[in-house]
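Notes follow once the structure below has been shown.
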Amino acid sequence: MSKDKLILAIESSCDETSVAVIKNESQLLSNIIASQVESHKRFGGVVPEVASRHHVEVVTLCIEDALHEAGVKANELDAVAVTYGPGLVGALLVGMAAAKAFAWANQLPLISVNHMAGHLMAAREQEELTYPLMALLVSGGHTELVYVSESGNYHIIGETRDDAVGEAYDKVGRVMGLTYPAGREIDELAHRGQDVYDFPRAMIKEDNLEFSFSGLKSAFINLYHNAQQKGESLPTEDLCASFQAAVMDILMVKTKKALEQYPVQTLVVAGGVAANQGLRERLAAEINDVKVIIPPLRLCGDNAGMIAFAAAVEAELGHFSSLDLNAKPSLTFPVLEQ
Ligand code: KG4
Ligand code: ZN
């Protein structure tokens, strides 16, 4: 019988310190997540320097917990994986220093993982993926359509020109006085309201796969402030329902366009905003020709389990990194020329 393959994965690109252990490419044995969200709430967003300091405090404890919960000893591991971008440079460097030190001390190969590939590959928890596939990646920092031609081969075919979807949620949430991050609360409020305000759906009539959310965000903020100046208060539920309807129209139109242009059998929808119930409902109702795979809620937000799923693919392809690996805060997939 061949030995189980075990990979330890570390994620620290933003405000979650997380460590996971994966067995034989697809079985998560542990996925410890130390969230700093309570600490950043009072600032209304992530403060990079504060994030780095929190990562330093907990990363070794998270490694110990992940190994303990998995029932695995360091000398049983086959590799160490780490997110090297995109993300906050200081935050990334903490996880990378921990991963490199752990790899060096235990004589293990190092695997570098793109955070967005991690979000996408979290879908492997549901079932093994077949290629080519299309992915809609929606998070606090990114909104992109990604064509995966084969295992480990990612290409951007469309992305946002300005704000990411999650960022737009968090910004309008802040204006309404909601706590950061506001996506989930807006989603809940939207389900109790009506789509009565006519917000712009930028670029949906244009024949490209680009997104833009800054006009929508500004239209929302203007409506809100104008009402405030007149001493009126608009119903929060209806504001949220109208905002969410506009966002979902944009995401659905562009995703359908991508599916028309690239014949695939599978659509993966991943990233923090993939937790959105409104988005899940629209996908279930409107995408019938291809299989839609969305990671479970616990793997939608940032976590090392998703990094482990992507790392297993890299290991299978024989992609390993040297210990002089550097952080790439603006790491992106190559753009596919059309
Ligand atoms: O992927 P993620 O955890 O971190 C990044 O890599 O950015 O995404 C976080 C983002 C935040 O902007 C948060 O407001 C948003 O995901 N989010 C949601 C929902 N849950 C989280 N946005 C809309 N609806 C949700 N249910
Ligand atoms: Zn993320």
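Here, each number is a calculation from the coordinates, and none is a lab measurement. Quick caveat: nothing in here was measured; it's all calculated off a predicted structure. In this analysis, Cβ positions are derived from the backbone assuming ideal geometry, glycine residues included, and neighbour counts consider all displayed protein chains.
Values for this structure:
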quantity	calculated
Gain upon complete extension [Ala227, Arg192; 0.36 nm per residue less C-alpha separation]	10.5 nm
Net +/- balance of residues flanking His54 in space, Cβ distance below 14 Å, scoring K and R +1, D and E -1	-4
Alpha-carbon radius of gyration plus Dmax, which is the widest Cα pair, for segment 238-338 in Å	16.8, 52
Proximal charge balance of Ile111 [Cβ under 11 Å; K/R count +1, D/E count -1]	-3
Cβ-derived FRET efficiency at R0 22 Å, Glu25 paired with Lys73, nearest 0.05	0.65
GNM result for the chain, Cα springs below 10 Å: residue of Glu281, Glu16, Glu210 fluctuating most strongly	Glu281
Charge dipole magnitude, Cβ of K and R +1, D and E -1 - segment 82-194, Cα centre, debye nearest 20	320
Mean-position separation - Cα centroids, segment 240-289 and segment 193-238, in angstrom	19
Candidates per trypsin sites (Lys or Arg not before Pro) in segment 5-99, loop by DSSP, up to 12 other Cβ within 10 Å	Arg42, Lys73
Kirkwood estimate for the chain, i.e. one over the average of 1/r between Cα atoms, Å	20.5
Rounded to 10°, Cα long-axis angle of helix 277-286 versus longest principal axis of the chain	80
Per-residue Cβ neighbour rank within 10 angstrom, fewest leading, His142, His55	His142, His55
Considering only the chain, percent of DSSP beta bridges that pair antiparallel, nearest 5	60
Extension gain, Lys256 back to Val335 (0.36 nm per residue minus Cα-Cα distance, nm)	26.5 nm
